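Engineer: Please find one structure pasted underneath; my questions will follow.
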Amino acid sequence: MSTAPSAGMPQWDHPLWQSLLPLGRSEPSGGYRRYSFTDADSACRDWFGKAARQRNLRVDCDRDGNLWAWWDAPSGPATGAIVAGSHLDSVPDGGAFDGPLGVVSAFAAIDLMRERGVRPVRPVGVVAFVEEEGARFGVACLGSRLLTGVIAPERARELADADGVTLAEAMAGAGLDPERIGADPGLRERVAAFVELHIEQGSALDGLGAAVGVGESIWPHGRWRIDFSGRADHAGTTRLADRRDPMLPFAAAVLAAREAAAEVGALATMSKVVAVPGGANGICSAVQAWLDARAPDEERLHRLVGLIMESARAAGDQHQVTVTSTCESLTPVTEFDLDLRDRVVTALAGAGVNAPVLPTGAGHDAGVLAGVLPAAMLFVRNPSGVSHSPAEYAEPADCAAGVTALATVLAELACR
């Protein structure tokens, strides 16, 4: 029997949420496997287009595969839009809310604005960024990184999934032209501000008794691939002293990650590992592992990674295993635009919403866009704080509160 998302808890009854909920769901785990440019992703992209057309919004797919829906202002300029949204892809067996809540809420906020008779003087957009989680190609926020020029197109095209399929091949298979990917030079003119609504990945709001919060900053964070190269051998005949087993320094690195994180007051996680060749009765020739590291400041982040690699290489020397590392993505501390954040907080306060301002350790597309244009974040309360898991959950009333807050903010920004 599968574990349903938020099993036993009432699900948000918004029709858009209910229509998206089954797409890409894994029956065995109850979680989601919405990987970029797969059948599940195609179903989500079709869902996005249908939701936009139902609202008479123009739909566009940019050169990087990001989806946009536009509510054009009846009067006023065609540029300087106010955009909301998030992403539809998931981590392996992820929860229902991480990403999709922001996309559904953006469409629902437009519905609410129209019901209230709001007449924006700026275009209002909804966006779904591709490959935010990096679950297939290894680089988080890939769609927004390409759009803003943070990652080079030639590097992105060569990114490959676990089966060796490159991003270029996957995009071509989905009917997109990988030769066109890259930065959008007109992005800053086209978009004046971006507001991303996201389920809180933590439980700070629950402790504060607030349904909605406002993002202050994002911790610096990164992802490193660590390669341990040893020698394949027989598990039943090779003496311990003769082994060059890459699993041993890998194990040392896992323990070092926990110890170093505690020492510097940061977070380090090693949860993806590939053993080569992976036979049950053999010593591996190599181990590939990925380190996710996050810290309150960049000095502590680099110290954290340095301590982990120092331990890994020392263990590698002890066991005659070569240890190398490659930084696959690195995001510095992100401070959201102060003026925009103040406008968001003021607009919510004017609507009677007390929205605490709080930092987060989780990366988001809003953090990438903040490097080129004003960006802000709204968080919706997560009672348990669980994320990247089928147990991830937000109360229906809090989801509705998030829509109301987002509609209030979009109206404030798009009507001036």
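The values are calculated or read from the model by the stated rules, or taken from the named source; none is laboratory data. Because the structure is predicted, anything quoted here is derived from the model rather than measured. FYI the Cβ positions are ideal-geometry reconstructions off the backbone, even for glycines, and counts take in every protein chain you see. Ligands, DNA and RNA are excluded from the accessible area calculation, which covers all protein heavy atoms including side chains. Shrake-Rupley method; radii C 1.70, N 1.55, O 1.52, S 1.80 Å.
Engineer: In a GNM of the chain with a 10 Å cut-off on Cα contacts, which of Ala160, Ala295, Ala106 has the highest mean-square fluctuation?
Structural biologist: Highest fluctuation of the listed residues: Ala160.
Engineer: Further question on the same structure: Cβ neighbours within 10 Å, averaged per peptide: list 347-354, 213-220 in order, most packed at the top.
Structural biologist: Numbers: 347-354: 14.2, 213-220: 22.5.
Top to bottom by mean Cβ count within 10 Å: 213-220, 347-354.
Engineer: Can you give the extra length, in nm with one decimal, that the chain gains between Ser19 and Glu310 once fully stretched, where that is 0.36 nm per residue apart less the Cα-Cα distance? Each step should come with its number before you reach the end.
Structural biologist: Values: separation 291, 0.36 × 291 = 104.76 nm, distance 4.89 nm.
Length gained, Ser19 through Glu310: 99.9 nm.
Engineer: Also, I was wondering about something else. Let me check I've understood the local charge: for Glu196, count other residues with C-beta under 11 angstrom from its C-beta, Lys and Arg +1, Asp and Glu -1. What total comes out?
Structural biologist: Result for the neighbourhood of Glu196: -2.
Engineer: Over all directions, what mean area does the Cα convex hull of the range 207-264 project, stated in square nanometres?
Structural biologist: Working: hull surface 31.7 nm².
The directionally averaged projection comes out at 7.9 nm².
Engineer: Summing +1 for each Lys or Arg and -1 for each Asp or Glu, what net charge is found among the other residues whose Cβ lies under 11 Å from the Cβ of Leu23?
Structural biologist: Details: positive: Arg25, Arg33, Arg34, Arg45; negative: Asp39, Asp41, Asp46.
Overall, the nearby charge balance is +1.
Engineer: Could you work out the Rg to Rh ratio of the range 1-153, with Rh taken as the Kirkwood radius (inverse of the mean 1/r over all Cα pairs)? Intermediate values should be presented prior to the final figure.
Structural biologist: Numbers: Rg = 16.1 Å, Rh = 16.2 Å.
Reported Rg/Rh (Cα atoms, Kirkwood Rh): 0.99.
Engineer: Sticking with this structure for a sec: Within the chain, what percent of beta bridges assigned by DSSP are antiparallel, to the nearest 5? Write down the numbers at each step before the final one.
Structural biologist: Numbers: 46 of 65 bridges.
Counting only bridges with both partners in the chain, antiparallel ones make up about 70 percent.
Engineer: With every atom except the alpha carbons ignored, what do you get for Rg and Dmax of the range 129-264, in angstroms?
Structural biologist: Gyration radius and largest Cα-Cα distance of the range 129-264: 21.4, 67 Å.
Engineer: Roughly what would the spin-label model give for Gln54 and Val273, points 7 Å off Cα along C-beta, in nm?
Structural biologist: Label at Gln54, label at Val273, 4.5 nm between them.
Engineer: Of the heavy-atom accessible surface of the chain (probe 1.4 angstrom), what whole percent is carbon and sulfur?
Structural biologist: Numbers: 8830 of 17260 Å².
Using a 1.4 Å probe with all protein chains present, the chain comes out at 51 percent carbon and sulfur.
Engineer: Between (i) 45, 22, 20; (ii) 32, 27, 20; (iii) 40, 22, 21, which entry matches semi-axes √(5λ) of the Cα gyration tensor in Å as derived from the coordinates of this structure?
Structural biologist: Checking each listed value against the structure points to (iii).
Engineer: Moving on. What ranking, highest mean first, results for peptides 175-185, 87-97, 123-133, 376-386 when packing means the other Cβ atoms within 10 Å averaged over each residue?
Structural biologist: Working: 175-185: 15.2, 87-97: 24.7, 123-133: 27.1, 376-386: 22.3.
Descending packing order for the listed peptides: 123-133, 87-97, 376-386, 175-185.
Engineer: Okay, next question. Taking the Cα centre of the chain as origin and charging only Cβ (+1 Lys, Arg; -1 Asp, Glu), how large is the dipole, in debye to the nearest 20?
Structural biologist: Working: 36 positive and 52 negative charges, 71 e Å.
Using Cβ point charges on Lys, Arg, Asp and Glu, the chain gives about 340 debye.
Engineer: Could you check which residue among Arg145, Arg119, Arg223 shows the biggest mean-square fluctuation in a GNM of the chain with a 10 Å Cα cutoff?
Structural biologist: Largest GNM mean-square fluctuation: Arg119.
Engineer: Right, another one. Taking the Cβ of Val333 as the center, what net charge do the other residues with Cβ under 9 Å away carry, scoring Lys and Arg +1 and Asp and Glu -1? Walk me through the numbers on the way to the answer.
Structural biologist: Working: positive: none; negative: Asp297, Glu298, Glu335.
That sum, taken over residues with Cβ under 9 Å, equals -3.
Engineer: Which one, Phe97, Gly85, Val121, is farthest towards the positive end of the dipole of the range 52-126 when Lys and Arg carry +1 and Asp and Glu -1 on their Cβ?
Structural biologist: It is Val121, whose Cα lies furthest towards the positive end.
Engineer: Next question. Could you report the chain's accessible area per residue, 1.4 Å probe, as an integer in Å²?
Structural biologist: Values: 17260 Å² over 416 residues.
With the other protein chains kept in place, the chain gives 41 Å² per residue.
Engineer: Answer rounded, prolate or oblate for the range 326-416, using the Cα gyration tensor with square roots of eigenvalues a ≥ b ≥ c: rounded when a/c is under 1.5, else prolate when a/b is larger than b/c, else oblate.
Structural biologist: Cα axes put the range 326-416 in the oblate bin.
Engineer: Please label the shape of the range 190-326 as rounded, prolate or oblate, based on the square roots a ≥ b ≥ c of the eigenvalues of the alpha-carbon gyration tensor (a/c under 1.5 means rounded; beyond that, a/b larger than b/c means prolate, else oblate).
Structural biologist: On the way: a/c = 2.77, a/b = 2.45, b/c = 1.13.
Here the range 190-326 falls in the prolate category.
Engineer: Determine the principal axes of the Cα atoms in the range 261-367, then give the extent along each, sorted from largest to smallest and rounded to whole angstroms.
Structural biologist: Principal-axis extents of the Cα atoms in the range 261-367, largest first: 65, 28, 21 Å.
Engineer: Using only DSSP helix segments of four residues or longer, with each worth -39500 (n - 2.57), what per-residue ellipticity at 222 nm results for the chain after dividing by its residue count and rounding to 500?
Structural biologist: Numbers: 13 runs with 143 residues, N = 416.
When only DSSP H runs of four or more count, the value is -10500 deg cm²/dmol.
Engineer: Take the Cα atoms of the range 335-382, build their convex hull, and give its volume per residue in Å³. List each step's numbers first, then the result.
Structural biologist: Numbers: hull volume 3.9 nm³, N = 48.
Considering the Cα atoms of the range 335-382, their hull volume per residue is 81 Å³.
Engineer: Another question, if that's okay. Calculate the length of the line joining the C-alpha centroid of the range 267-292 to that of the range 79-146, in whole Å.
Structural biologist: Value for the Cα centre distance between the two parts: 34 Å.
Engineer: Okay, next question. How far is helix 39-54 tilted, in degrees, relative to the longest principal axis of the Cα atoms in the chain, given as a value from 0 to 90 rounded to the nearest 10?
Structural biologist: Once rounded, one gets 10 degrees.
Engineer: Residue separation times 0.36 nm, minus the C-alpha to C-alpha distance between Glu154 and Glu299: what's the value?
Structural biologist: Numbers: separation 145, 0.36 × 145 = 52.20 nm, distance 3.01 nm.
Stretched fully, the Glu154-Glu299 segment lengthens by 49.2 nm.
Engineer: Any chance you could list P(r) for the range 249-300, counting all Cα-Cα pairs in 5 angstrom bins from zero, rounded to whole %?
Structural biologist: Histogram of Cα-Cα distances, whole percents per bin: 5, 19, 24, 18, 14, 9, 6, 4, 1.
Engineer: Per residue and in cubic angstrom, what volume does the convex hull of the Cα atoms of the range 363-416 have?
Structural biologist: On the way: hull volume 4.5 nm³, N = 54.
Roughly 84 Å³ of hull volume per residue.
Engineer: On to the next question. I'd like to compare 162-168, 99-105: which one has the highest average count of other Cβ atoms within 10 Å, and what's the full order after that? Intermediate values should be presented prior to the final figure.
Structural biologist: Details: 162-168: 14.6, 99-105: 29.0.
In descending order of packing, they fall as 99-105, 162-168.
Engineer: Where the centre of each part is set by its Cα atoms, how far does the range 300-362 sit from the range 191-237, in angstrom?
Structural biologist: Taking the Cα centre of each part, the range 300-362 and the range 191-237 sit 8 Å apart.
Engineer: Against the longest alpha carbon principal axis of the chain, how many degrees, from 0 to 90 and to the nearest 10, is the axis of helix 396-414 turned?
Structural biologist: 60 degrees
Engineer: Can I ask one more? Which angle from 0 to 90°, rounded to the nearest 10, does the C-alpha axis of helix 100-115 make with the longest principal axis of the chain?
Structural biologist: That helix lies at roughly 0 degrees to the long axis.
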